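Report on one structure; see the data block that follows.
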Amino acid sequence: MVNLTPASPGNILSLFHEPVKPVFLLGAGASKTSGIPLAGEVTEKIIRTAYCRDQGYPTNYPMVQRSDWVPWVKEFPWYNTSVSATENYPIVVDELLRPQSVRREFFLELVNPSGISPSIGYDALAEMLQNKLVDIVLTTNFDNCLGNAMTYKKQILIPIKTNNDYVQFSLTPKFPLEIYLHGSVEHYSDKNIVEEVQSLSADTVEKMQPLLRDHPLVVVGYRGGEPSITKSLLIDSLEYTNNFKNGIWWCLLKQEKPENCPPLVLELAEKCGGNFRFVHIDGFDQLLYKDLWQRLKPSLNRIALKPTLITHNSSGNSSPTFDTQPVVKATEEELEWSLIQERIIEYSNRLDIYLPSSLGKERLRQEMLNRHLAVYQEGVFKLTSAGCLLYTSLPQYHFPDAVVLFSLTGPDGWKREISAKLLDDDDSEVQNFQRMIKGNLWRQLNEVMDSLALINRAYRLKGESSETVYPYPPLAIKEIIVNALVHRDYSKSGKVEIEVTPHYIKVISPGGLTEEVKLQVASNSIEDEIVKNGRRGIKGYRNPILADIFYGSGAMDKAGSGLSDVYRWMNENESTVTFGPSQDNETFEVTLYGRQDIVDSLTKTASPLKTTTVKYAANILELVNIPQQIWSASSTCSSKKEIWKALSDKWHPQFVYYGGRVWTFFDLNQRNSPLKSVIDFGTVEVYDLEDFISIENGKLFTQLVNLNIEEHFSSLGLRIDKKRHRAYFPRLKEEGSRTQSYQARFKKATRTVAKPRTSLSTGKILYWEHQAISYKFEKFGHSYGLFINPSYVFTIEGWKKLLASDKVNKLSTKKAARDYNMTVLNALIFWSRFIAGNEDSYSFELKPNIRRFGDDSSRYSLPRLGFSAILPVTSINDVSIEGHDFIEPEENSNLLEAVDQELENLLKEFLDTDDNL
């Protein structure tokens with residue numbers, strides 16, 4: 001029976017108090033922080049290197065990104081797209097590292113990264129070897145990290161890499177030994193491909209068996225999937241070692257579950273029985289340095305070690321482009337973590353990288369390092385230009401010109417009409433429209449496309465067979481906007497400029513042709529090469545990281561066909577396009593000319609359709625950040641009611657009461673916990689989020705998040721009607737209507753959120769009408785979200801005396817049904833902005849209502865629950881049948897008066913009923 005309950009690192013520490021010294025077996029995970037990539041990363045590096053060779057590039061060519069080589073390798077029949085990069089490792093080594101000299105050269109460079117010191121884990125292990133706490137280290141790696149660490153300390157370590165080296169092997173060596181179980185890269189004896197990792201030589205196994213029999217074995221950083229080690233060396237030695245009587249301690253990272261280990265590891269664990277234990281660790285460095293050496297060192301009377309700071313980018317690639325350079329003053333506090341998670345998961349799905357659906361900050365940091373969005377510089381996590389432009393709330397703090405200037409040029413009447421559409425404002429005084437669009441590149445793209453969708457409206461072309469057409473192909477518009485944002489030169493001053501007129505759209509971006517593109521077009525212009533010569537595949541990346549990330553999001557391709565496609569789409573639309581760099585090559589300009597037959601009051605060749613640009617918004621704010629641990633403890637109270645009574649005059653974190661225990665996102669081990677008076681500290685336990693969600697089919701999880709949502713609403717000054725899951729604005733203390741300002745889509749706006757309603761006959765205040773939302777937190781697909789629906793609440797005095805009869809509630813629904821299309825959209829935008837605290841950011845975190853109790857939030861380490869602050873919105877031009885005008889019901893005053901009269905009648909009926917007095 002396999003014991004799947006992991007032990008603590010203290011169990012490994014206890015081995016050093018025994019007379020027999022432990023033996024360490026190291027895998028690739030041990031060397032990662034020393035700059036040595038894992039098997040999956042090596043696989044990708046091999047493919048990238050082979051792609052560069054195939055294309056005639058230098059093997060370290062900086063412009064080549066993942067979106068270039070992933071499609072290339074998928075074309076090979078031997079590459080298995082249904083498994084991970086790690087599982088493809090042996091076949092990739094065999095197929096792409098040929099001849100053997102290429103393989104040797106590749107691995108020698110890989111395992112000897114320049115300018116990187118061994119990690120603090122290897123430094124600590126070297127101290128243990130020096131102090132005779134460990135004599136022998138086994139490794140499946142090819143690197144020399146441990147040897148380098150010993151060299152820095154001027155200590156001897158004997159490496160055993162070939163059969164001839166085994167003459168120096170001893171079970172009680174005079175000098176420490178490192179045994180390379182998979183051979184030597186230098187001697188062409190490395191084991192990597194499928195046939196090579198099936199077994200170890202009988203001589204090697206025979207020499208290792210006495211060592212494994214007489215010493216406890218600690219396995220760190222090794223996955224255990226290779227038969228050569230787990231089967232040939234360990235499982236086949238069970239009888240000789242008496243089922244490893246001194247024990248095997250198999251280390252896993254804390255986020256890894258024992259049951260997910262490779263089958264060979266589980267087989268070994270089952271056959272060893274009680275002699276095998278899984279151990280959860282924070283990592284190789286943390287185990288060796290913090291959990292072992294720091295606790296062993298005092299007894300040796302040695303001076304404490306100073307940790308070596310890791311200063312490399314763990315992806316192993318560096319490129320000299322502007323978008324990979326660190327931004328000196330950009331800090332990770334500026335990052336939109338929920339946006340990073342969404343985009344990185346989206347990128348990974350498109351490029352076949354497995355990632356869980358929810359990532360912690362450490363994993364997100366690592367993914368940013370892998371994608372050149374951040375670097376470690378002098379031990380500090382720093383954003384690159386790409387990371388800053390893509391994932392901070394306002395990169396303009398660091399790049400003031402990284403904005404889009406959107407302007408209208410044309411006759412006053414046309415400008416008034418278009419401005420009114422863009423602003424949702426029919427104010428006839430609006431004549432000019434010029435707007436600076438800021439925020440990260442994703443936000444800029446969304447806002448520009450949103451604006452152009454309102455302008456690029458369909459019309460009916462007259463003829464024998466009438467045809468519905470657009471002035472510009474929507475795909476062509478998106479292509480040139482994405483190109484302007486991705487390929488502009490961010491090191492230059494100047495903004496991306498978009499000028500819209502009745503007849504063309506012009507886009508100018510800083511930065512002309514790159515040197516790479518200049519070489520490809522030679523003496524011709526790029527427009528002639530594409531338009532006259534029909535050339536495709538011209539490409540060159542000024543910002544390869546931005547291009548790579550946008551490709552991963554599906555917003556662009558990397559075939560070098562963008563402008564070719566724009567020309568084709570425009571030609572098919574019977575419109576034209578011009579493009580090319582300025583004479584001094586300082587800018588690049590693209591002009592899309594609308595169709596010649598565009599609606600014109602003079603030619604009468606086309607007529608406007610009864611079109612309405614409809615914006616569809618999903619009424620959901622997605623849960624994007626959630627604590628991965630739940631705290632639970634037995635309560636000293638016998639019921640939830642008793643707990644509430646004990647805490648009635650104090651702020652406390654939200655909790656649910658289930659099974660006699662308190663469950664909360666709040667760390668119950670905090671000694672200043674407001675819940676300390678109602679829990680037994682000796683019973684505090686920590687649960688994984690997934691385990692908590694599985695309780696009662698997720699009901700407890702949903703209930704706990706709902707409680708935190710309601711507290712957030714309360715912190716914003718809303719009143720909560722928990723029975724009906726509604727939140728609304730109460731009146732203010734002074735008389736009169738209550739208004740609330742907020743940032744609408746294109747301008748500041750003010751909304752009346754609570755107002756008195758007077759009798760149509762007497763003019764006296766009858767009741768109060770409140771803007772409200774009904775809310776519901778629930779699962780959709782593989783995610784969770786807060787669903788919001790704008791509605792109305794009616795009270796007698798403007799506070800909490802609800803007109804709660806079923807008839808009144810039905811009438812509030814009837815009144816809400818008068819709101820259509822843009823009215824509902826604006827209401828949703830208002831509520832999403834207000835709930836997010838009117839912050840101009842991608843996401844927001846739920847706030848506790850601590851101040852109500854005169855408490856200070858800085859006293860506590862509070863959990864962080866984050867939701868998207870942006871509703872998913874799209875614009876679609878609806879074309880109605882000619883001659884059928886549609887009037888939205890809210891514009892019909894007779895309908896509204898009828899609703900108000902019905903409300904007044906119901907109010908009288910409600911107040912006249914005895915049980916409502």
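Would you mind stating whether Gly785 is at pLDDT 55 or above, within 30 Å of Pro627 (Cβ to Cβ), assigned by TED's automatic domain parsing to the domain that holds Lys748 and buried (at least 20 other Cβ atoms within 10 Å of the Cβ)? It would help to see each step written out before you state the result.
Working: at pLDDT 55 or above: yes; within 30 Å of Pro627 (Cβ to Cβ): yes; assigned by TED's automatic domain parsing to the domain that holds Lys748: yes; buried (at least 20 other Cβ atoms within 10 Å of the Cβ): yes.
It is true that Gly785 is at pLDDT 55 or above, within 30 Å of Pro627 (Cβ to Cβ), assigned by TED's automatic domain parsing to the domain that holds Lys748 and buried (at least 20 other Cβ atoms within 10 Å of the Cβ).
Each residue in the range 362-399 was checked for being of a type outside the set (Gly, Ala, Ser), outside any helix (DSSP H, G or I) and within 17 Å of Gln325 (Cα to Cα), and 15 pass. Quick one: is Lys21 out of contact with any Asp or Glu (no Cβ under 7 Å at 6 or more places or on another chain), in contact (Cβ under 8 Å) with a residue 40 or more places away in the chain and of a type in the set (Lys, Arg)? Spelling it out, it is not the case that Lys21 is out of contact with any Asp or Glu (no Cβ under 7 Å at 6 or more places or on another chain), in contact (Cβ under 8 Å) with a residue 40 or more places away in the chain and of a type in the set (Lys, Arg). When Ser338 is tested against the conditions (1) at pLDDT 85 or above; (2) of a type in the set (Gly, Ala, Ser); (3) touching a Ser or Thr at 6+ places or on another chain (Cβ under 8 Å), the lone failure is (1). Candidates in the range 259-277 are the residues that are within 31 Å of the chain's Cα centre (by Cα) and closer than 18 Å to Ile229 by Cβ; of these, the one that is surrounded by the fewest Cβ atoms within 10 Å (Cβ to Cβ) is Pro262. So which of Lys800, Lys814 ends up being surrounded by fewer than 19 Cβ atoms within 10 Å (Cβ to Cβ) and at pLDDT 70 or above? Step by step, each of Lys800, Lys814 is checked, and only Lys800 is surrounded by fewer than 19 Cβ atoms within 10 Å (Cβ to Cβ) and at pLDDT 70 or above.
In the range 149-186, what count of residues is obtained for those that are of a type in the set (Asp, Glu) and part of a loop (DSSP other than H, G, I, E, B)?
1
Would you call Leu146 assigned to a helix (DSSP H, G or I), touching a Pro at 6+ places or on another chain (Cβ under 9 Å) and modelled with pLDDT of 90 or more? Taking the combined requirement at face value, the residue satisfies it. Would a scan of the range 89-106 turn up a residue that is outside any helix (DSSP H, G or I), touching a residue at least 60 places away in the same chain (Cβ under 8 Å), surrounded by fewer than 19 Cβ atoms within 10 Å (Cβ to Cβ) and not β-branched (Val, Ile, Thr)? Within the range 89-106, not a single residue is outside any helix (DSSP H, G or I), touching a residue at least 60 places away in the same chain (Cβ under 8 Å), surrounded by fewer than 19 Cβ atoms within 10 Å (Cβ to Cβ) and not β-branched (Val, Ile, Thr).
Being at pLDDT 90 or above, over 25 Å from Glu105 (Cα atoms) and in a loop (DSSP other than H, G, I, E, B) is true for just one of Lys207, Lys132. Which residue is that?
Values: Lys207 fails: in a loop (DSSP other than H, G, I, E, B).
Result: Lys132 is the single residue among Lys207, Lys132 that is at pLDDT 90 or above, over 25 Å from Glu105 (Cα atoms) and in a loop (DSSP other than H, G, I, E, B).
Here Ala30, Ala50, Ala85 are screened, and the one residue that is hydrophobic (A, V, I, L, M, F, W, C) and in the same structural domain as Leu217 (by TED's automatic domain parsing) is Ala30. Screening Ile773 on (1) of a type in the set (A, V, I, L, M, F, W, C); (2) under 30 Å from Gln434 (Cβ atoms); (3) at pLDDT 85 or above shows it passes everything except condition (2).
When the range 728-770 is filtered for residues that are aliphatic (A, V, I, L, M), at pLDDT below 85 and assigned to a loop (DSSP other than H, G, I, E, B), the ones remaining, listed by number, are Ala744, Leu760.
Can you pull out every residue in the range 348-368 that is among the hydroxyl-bearing types (Ser, Thr, Tyr) and modelled with pLDDT of 70 or more? Quick ask: steps written out before the conclusion?
Of the range 348-368, the ones among the hydroxyl-bearing types (Ser, Thr, Tyr) are 348, 354, 357-358.
Ser348, the sole residue that qualifies.
Looking at the range 656-679, is at least one residue of a type outside the set (Ser, Thr, Tyr), surrounded by 14 or more Cβ atoms within 10 Å (Cβ to Cβ) and within 24 Å of the chain's Cα centre (by Cα)? Scanning the range 656-679 turns up at least one residue that is of a type outside the set (Ser, Thr, Tyr), surrounded by 14 or more Cβ atoms within 10 Å (Cβ to Cβ) and within 24 Å of the chain's Cα centre (by Cα). Within the range 167-204, the set of residues being at pLDDT 75 or above and under 17 Å from Asp143 (Cβ atoms) comprises Pro176, Leu177, Glu178, Ile179, Tyr180, Leu181, His182, Gly183. Selection within the range 278-303: residues that are touching a Lys or Arg at 6+ places or on another chain (Cβ under 8 Å) and surrounded by fewer than 19 Cβ atoms within 10 Å (Cβ to Cβ). The member of this set that is modelled with the lowest pLDDT is Asp282.
The values are calculated or read from the model by the stated rules, or taken from the named source; none is laboratory data. All figures in this text were calculated on a predicted structure; none of them were measured in a lab. Don't worry about glycine lacking a Cβ; one is built from the backbone with ideal geometry, like all the others, and counts go over all protein chains shown.
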